[in-house]
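Taking it in order: structure first as structure tokens, then the write-up.
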Amino acid sequence: MRTRDHLASDMDVSDLEAAFALPLAEDTSVDTTLLGVVSTLASLATPLAGILLAGYVVRLVRAGDREAAALPSFDDLTGMAVDGARLSAALVALQLPAVGLATVSLPGSRPSIAMLSYATNPVMLGSFGVTALDTAGLVAAGLASLLGSYLSLVATVALAREASLAAAIPATRDLASDRSFVRVASAVALVVFVARLFVALCAAVPVAGTLLAATASFLLLVVSATLLGRGAPDASSPGADATRESHADGVNAESVESAESVPSA
């Protein structure tokens, strides 16, 4: 088994295979998978189900951090709701700058971003009623959205590892500045992109499309969250270092005691 120190740099196809195998693992309960699909369906109708599903994402990342061999169960709904509420609040806050910039740049009935893709010169921008300042605002909104998406992945890992929002803030800062996490985030973003395309194809299937899309959405959610937990490097926090030092001191003390208990030749 690979150590946690090498997960970020050695993340490969085996991690993807392990993440896909979780829902089909021998120790995974069928009820857990069914509850996940039902929660995904319910999240389309009620925000409460979405919060619970966000809490399950935190649980998946936490389990992936320990390289779990089966899906975590849907128990302790209160704790899951608390985790989901914290994560949901953090994700909304991280995307507010992008939403604000886009709203200012395209107020009211201004043209959509898809229409702006045809505006290749200032004359066409003027015909659409979009000024150069508006275009700059849209570019800024796009960059803010990318940054918010990256920080959302960072915050997800931090909230999965820490017990409070206050403790997650320094963990988020440390992880966001870790270059090795950029590769992990890129891999997870690619999985999410492909997942959305696949879910859209499932949704287009007549009659059973909604159920197929919910099933695919939950399974791919499991894969992306598990990859995030497996690949994220350990945060370099004083608490973590103190824990490692304490553990090392304990091991050294045990070694000394064992050596003293052996009779000399």
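Can you figure out the FRET efficiency of Arg173 with Phe193, using R₀ = 35 Å and their beta-carbon distance, to the nearest 0.05?
Once rounded, the FRET efficiency stands at 0.85.
Expressed in nm to one decimal, what extension gain is obtained for the pair Leu44 and Leu24 from 0.36 nm per residue of sequence separation less their Cα-Cα distance? The partial results should precede the final answer.
Working: separation 20, 0.36 × 20 = 7.20 nm, distance 2.50 nm.
Gain in length upon complete extension: 4.7 nm.
Quick one: grab the alpha carbon gyration tensor of segment 128-237, order the square roots of its eigenvalues as a ≥ b ≥ c, and give me rounded if a/c is under 1.5, else prolate or oblate depending on whether a/b is larger than b/c.
Since a/c reaches 1.5 but b/c is at least a/b, the shape of segment 128-237 is classed as oblate.
How much accessible area per residue does segment 20-96 have, counting only protein heavy atoms and a probe of 1.4 Å, in square angstrom?
Computed with neighbouring chains in place, this is 51 Å² per residue.
The values are calculated or read from the model by the stated rules, or taken from the named source; none is laboratory data. Fair warning: this is a prediction, and the values are worked out from it, not measured in the lab. Reconstructed Cβ throughout: ideal geometry from the backbone, glycine too, with neighbour counts over all protein chains shown. The accessibility values were calculated without ligands, DNA or RNA, using every heavy atom of the protein model including side chains. Shrake-Rupley method; radii C 1.70, N 1.55, O 1.52, S 1.80 Å.
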